[in-house]
1. Could you report the accessible area of ASP74 in Å², rounded to 10, computed with a 1.4 Å probe on the protein chains as they sit in the structure?
2. Quick one: accessible surface of SER14, probe radius 1.4 Å, all protein chains present, in square angstrom to the nearest 10.
Amino acid sequence: MTQVGRNQPCPCGSGKKYKQCCLQTDEAARVAALPAKPAGRLVARANFGSDDDIDPLDRLSNGTVDLINAGRLDEAERICQQLLAEFPDLPDGHMRLGLLHRRRGDNRKAAEHLRLAATMARSDDNIDLADSLDAEADEIAPPPAS
């Protein structure tokens, strides 16, 4: 199956760009189809000691926050893409992209990534994180009325 580019017309025939139409739904379906992971992964990795104990996920995720806070947004975006590539089944990449786009003032795009992260957290049975991410997304960019 050919993959649709974000800026290409949506294959559903709506006339909108794919990213503004079915991308979020398709991504949520892709995440839901991922194999189950051991429960507690999101919580367990937060309990670390020295820098030597930090795993690659934490280094990338925390490094992204540091770059965003330093205003080095283009570098942070590259690290976010690396997070998505290396850890596609965890919400960290989308959470960090949400923070990045919020810092850039693009609340709609930030909310999209936060909702994707929420979907991933929910599929990992991390309901509290998912609810928090959804609430943040709704606060900065309410979903369109049905």
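The values are calculated or read from the model by the stated rules, or taken from the named source; none is laboratory data. This one's a predicted model, so the numbers in the text were calculated from it and none came from an experiment. Areas reflect the complete protein model, heavy atoms only, side chains present, ligands, DNA and RNA absent. Shrake-Rupley method; radii C 1.70, N 1.55, O 1.52, S 1.80 Å.
1. 100
2. Only protein atoms counted, so the area is about 60 Å².
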